[in-house]
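Engineer: I'd like to ask some things about the structure below.
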Amino acid sequence: IKIIGNGKNVIDFTSIKNLAHAVELALESGPETSGQAYNISDGESFGFWPLMDETTKRLGYDKKIGKIPYPVVYFAASLSELIAKIRGGYEPSLTRYAAGVMKASFTLDNDKARDQLGYKPIISSMDSINEFLEWHQGNGQ
């Protein structure tokens, strides 16, 4: 795994359980919330690269942390997208969007969903990640 950028980016996760909970709240809410857009996350922020390191170790991958400059990754992603387009539109293994996500901090403010929908996360990010890892390991992966 190569750290893109300075490696200090902070991100939020959104568990599918929390997303489904928010959708349910929106469907049950009154007409005043119809057509509104809401940020939904687990309400916790994490350092992306330390969490990625821990998760990949738990998946059984060797720890190979190094850094790579963002412009190099962005160029490689652009090339990957171009090759995918030329070869018939398959999903490239690296996109410019993914490169940007792995470089930048990205957190969400749930206040509007909390205030208008009564949204409160029902599972923490770490519990959600642990559930996934247990499922992954239990399914022979």
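The values are calculated or read from the model by the stated rules, or taken from the named source; none is laboratory data. The model shown is predicted, which means the values in this text are computed figures rather than measured ones. Here Cβ is always computed from backbone atoms with ideal geometry, including for glycine, and neighbour counts include all displayed protein chains. All accessible areas refer to the heavy atoms of the entire protein, side chains included, with ligands and DNA or RNA removed. Shrake-Rupley method; radii C 1.70, N 1.55, O 1.52, S 1.80 Å.
Engineer: Can you name the residue in segment 82-95 that is hydrophobic (A, V, I, L, M, F, W, C) and open to solvent by 70 Å² or more (accessible area, probe 1.4 Å) and is also nearest to S124 (Cα to Cα) among such residues? I'd like the intermediate steps shown before the answer.
Structural biologist: To start, the set of residues in segment 82-95 that are hydrophobic (A, V, I, L, M, F, W, C) comprises 82-84, 86, 94.
Then keep just the ones that are open to solvent by 70 Å² or more (accessible area, probe 1.4 Å); that gives 82, 86.
On the way: L82: 38, I86: 41 Å.
Among them, the one singled out is L82.
Engineer: If you scan segment 39-81, which residues turn out to be open to solvent by 50 Å² or more (accessible area, probe 1.4 Å) and within 19 Å of the chain's Cα centre (by Cα)?
Structural biologist: If the condition is that a residue be open to solvent by 50 Å² or more (accessible area, probe 1.4 Å) and within 19 Å of the chain's Cα centre (by Cα), then N39, G43, E44, S45, P50, M52, E54, K57, R58, L59, Y70, Y74 are the ones that fit.
Engineer: Looking at A113 and the list (1) of a type outside the set (D, E); (2) open to solvent by 30 Å² or more (accessible area, probe 1.4 Å); (3) farther than 26 Å from L133 by Cβ, which single condition is not satisfied?
Structural biologist: In the conditions (1) of a type outside the set (D, E); (2) open to solvent by 30 Å² or more (accessible area, probe 1.4 Å); (3) farther than 26 Å from L133 by Cβ, A113 misses (2) alone.
Engineer: Consider only pairs whose beta carbons are under 7 Å apart and that are at least six residues apart or on different chains; among these, list those whose first residue lies in segment 14-32 and is within 12 Å of K120 (Cα to Cα) and whose second residue is open to solvent by 100 Å² or more (accessible area, probe 1.4 Å).
Structural biologist: From residues that are within 12 Å of K120 (Cα to Cα), the pairs are K17/I122; N18/I122; H21/I122.
Engineer: State yes or no: is S105 out of contact with any strand residue (DSSP E or B) (no Cβ under 8 Å at 6 or more places or on another chain) and either in contact (Cβ under 8 Å) with a residue 12 or more places away in the chain or under 20 Å from I40 (Cα atoms) (or both)?
Structural biologist: For S105, the condition - out of contact with any strand residue (DSSP E or B) (no Cβ under 8 Å at 6 or more places or on another chain) and either in contact (Cβ under 8 Å) with a residue 12 or more places away in the chain or under 20 Å from I40 (Cα atoms) (or both) - is not met.
Engineer: Which condition does I122 not pass, out of (1) open to solvent by less than 90 Å² (accessible area, probe 1.4 Å); (2) within 30 Å of G30 (Cα to Cα); (3) in contact (Cβ under 8 Å) with a residue 24 or more places away in the chain, if it passes all the others?
Structural biologist: (1)
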